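Okay, structure first, notes after.
The values are calculated or read from the model by the stated rules, or taken from the named source; none is laboratory data. Keep in mind that this is a model prediction, so the values were computed, not measured. Virtual Cβ from ideal backbone geometry, glycine too; neighbours counted across all protein chains shown. All accessible areas refer to the heavy atoms of the entire protein, side chains included, with ligands and DNA or RNA removed. Shrake-Rupley method; radii C 1.70, N 1.55, O 1.52, S 1.80 Å.
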Amino acid sequence: MFSKSNLNFTIYSLCFLIIFIGVLFRIYNINYDAFWWDEILSFWIADPEISLKETLLRHNQLDSTPATFNIVLKYFYKVFGYQINVGRYLSSILGIFSFILISIISLQFKNRNSFLLLLFLSSWNINLISASQEMRSYSMLIFFSTATIFLFYKALENNEKRKNIFYAVSFALS
């Protein structure tokens, strides 16, 4: 029979293992497939050598998604270099944060038994993994959606409602 400390160690070890495998799934063979035309479009729109105005002009002419991803990608390229393979890492990072945030949201509910199941399902979900390996706005949309849910929940339970509602609305409008 497990003591409480052994059970906690087992749960923490299992969480770490699930997170590690989820991260590995999002990074492994990230640049295996060739870029799709819409990823090349994002690469061209997010060129860090052009002005923000030109980036927005290119985005409005050619892309039907929110401009937030291309703007963040532009500054990501400024920091890490404007190479075609680098852009997918932004999506991967956002995907990693998303599945961790999804499981943190489950900890906020009264029934905390669902935490491990939700962590497992969100880290092994093939659609979330696929979205994390494409240089498109899908992973940012998932991250902003989960962050909005998290902040709204925090606003309902905290005294700092205005600040959390402001952040939640900001994420929702992005």
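Figures for the structure shown
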item: Residues (among the polar types (S, T, N, Q), part of a helix (DSSP H, G or I), surrounded by fewer than 16 Cβ atoms within 10 Å (Cβ to Cβ) and more than 14 Å from the chain's Cα centre (by Cα)) located in the range 103-143; result: ASN113, SER114
item: Extreme residue, modelled with the lowest pLDDT, among residues of the range 144-165 that are surrounded by fewer than 17 Cβ atoms within 10 Å (Cβ to Cβ) and polar (S, T, N, Q); result: ASN159
item: Identity of the residue in the range 81-96, loosely packed, with under 15 Cβ neighbours inside 10 Å and in contact (Cβ under 8 Å) with a residue 24 or more places away in the chain, that ends up nearest to ILE129 (Cα to Cα); result: ASN85
item: Within the range 53-71, considering residues that are open to solvent by 30 Å² or more (accessible area, probe 1.4 Å) and in contact (Cβ under 8 Å) with a residue 60 or more places away in the chain, the one farthest from PHE144 (Cα to Cα); result: THR65
item: Residue match in the range 106-121 (condition: within 29 Å of ASN70 (Cβ to Cβ) and modelled with pLDDT of 85 or more); result: no
item: Matching residues, the range 11-28, being of a type outside the set (Gly, Ala, Ser) and open to solvent by less than 50 Å² (accessible area, probe 1.4 Å); result: CYS15, ILE18, ILE21, VAL23, ARG26
item: Tally of residues being touching a residue at least 40 places away in the same chain (Cβ under 8 Å), in contact with a Ser or Thr (Cβ under 9 Å, 6 or more places away or on another chain) and over 15 Å from ALA131 (Cα atoms) across the range 1-52; result: 5
item: Residue among LYS78, LYS74 that alone is without any contact (Cβ under 8 Å) to a residue 60 or more places away in the chain, among the basic types (Lys, Arg) and open to solvent by 90 Å² or more (accessible area, probe 1.4 Å); result: LYS78
item: Within the range 75-102, tally of residues that are among the polar types (S, T, N, Q) and over 14 Å from the mean Cα position of the chain (by Cα); result: 2
